[in-house]
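Reviewing the structure listed below.
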Amino acid sequence: MKKWILFATALCVVTVAGALYASANKASAATSTLAYTLTVNGKEIQTSKTGLMPFENKGTVLVPLRATAESLGYEVSWIAADKAIRVEDRIQSVIVKEGSKQAKFTGKLKVINLTQDVELPVPVQSRKGVTYVPASFFEPFFNEVVVKEGNVSISAQMSSIQ
């Protein structure tokens, strides 16, 4: 009987300690404080002074939509009727809405249809009037996105025929 009580007590202590440890790790992972820099086409975007700092949410790094898109040469516009944002380049456009994980790309490159619906890893978010999207949002625009060691690097992919 004493062994049973001792075993039950030890099991309760281990269970409670495990739950506390798991909740502490979950809370710290959800609010990562790693400071990221943002580099677009080899040029660092000044994010700390302007409040446009990339941040991590649920393991996904988000970047400021307008600052990143315009640095890549894209046009950004607000669609008031739909409460949506459109990002366009010469061959395609995409529409996103705050709180949504859906990005609707439309476009055509000669005979290649670029129209596709893309599910983002986390929803589009707004902080202090700035809209943020996952860094991977820019990949369907033929950009290379690399997140490594506190830096988000987004570069347009260029190719040529010789």
- request: Among the residues of the stretch 59-77, write down those that are surrounded by fewer than 23 Cβ atoms within 10 Å (Cβ to Cβ) and more than 13 Å from Q125 (Cα to Cα).
  value: G59, A67, E70, S71, L72, G73, Y74, E75, V76, S77
field: Only listed residue being modelled with pLDDT of 95 or more and either over 22 Å from S155 (Cβ atoms) or out of contact with any Cys (no Cβ under 6 Å at 6 or more places or on another chain) (or both), chosen from Q92, Q46, Q102
entry: Q102
query: Tally time: how many residues in the stretch 133-150 are touching a Ser or Thr at 6+ places or on another chain (Cβ under 7 Å) and farther than 15 Å from T39 by Cα?
result: 0
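Can you name every residue in the stretch 83-101 that is closer than 19 Å to N143 by Cα and part of a strand (DSSP E or B)?
Just the residues of the stretch 83-101 that are closer than 19 Å to N143 by Cα, to begin with: 86-96.
Within the stretch 83-101, R86, V87, E88, Q92, S93, V94, I95, V96 meet the criteria.
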query: Is there a residue in the stretch 73-95 that is without any contact (Cβ under 8 Å) to a residue 60 or more places away in the chain and closer than 23 Å to S48 by Cβ?
result: yes
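One line per residue, one yes/no per condition, for (1) assigned to a loop (DSSP other than H, G, I, E, B); (2) over 17 Å from the mean Cα position of the chain (by Cα); (3) not assigned by TED's automatic domain parsing to the domain that holds V130:
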position: T47; (1), (2), (3): yes, no, no
position: M53; (1), (2), (3): yes, no, no
position: V63; (1), (2), (3): no, no, no
position: G73; (1), (2), (3): yes, yes, no
position: A81; (1), (2), (3): yes, yes, no
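Just need a number here: residues in the stretch 130-162 that are of a type in the set (S, T, N, Q) and either in a strand (DSSP E or B) or within 12 Å of the chain's Cα centre (by Cα) (or both).
First, pick out the residues of the stretch 130-162 that are of a type in the set (S, T, N, Q): 131, 136, 143, 151, 153, 155, 157, 159-160, 162.
Going one step further and asking which of them are either in a strand (DSSP E or B) or within 12 Å of the chain's Cα centre (by Cα) (or both), we end up with 131, 136, 143, 151, 153, 155.
Total meeting the criteria: 6.
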field: Every residue from the stretch 102-129 that is part of a loop (DSSP other than H, G, I, E, B) and surrounded by 14 or more Cβ atoms within 10 Å (Cβ to Cβ)
entry: L114, L120, P121, V122, P123, V124
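Being aliphatic (A, V, I, L, M) and modelled with pLDDT of 95 or more narrows it down to one residue among V133, V111; which is it? So that I can check it myself, show each step before the final result.
Details: V111 fails: modelled with pLDDT of 95 or more.
The unique qualifying residue is V133.
The values are calculated or read from the model by the stated rules, or taken from the named source; none is laboratory data. Just so we're clear, the structure is a prediction, and the values are computed from it rather than from any experiment. Cβ: placed from backbone, ideal geometry, glycine included. Neighbour counts: every protein chain shown.
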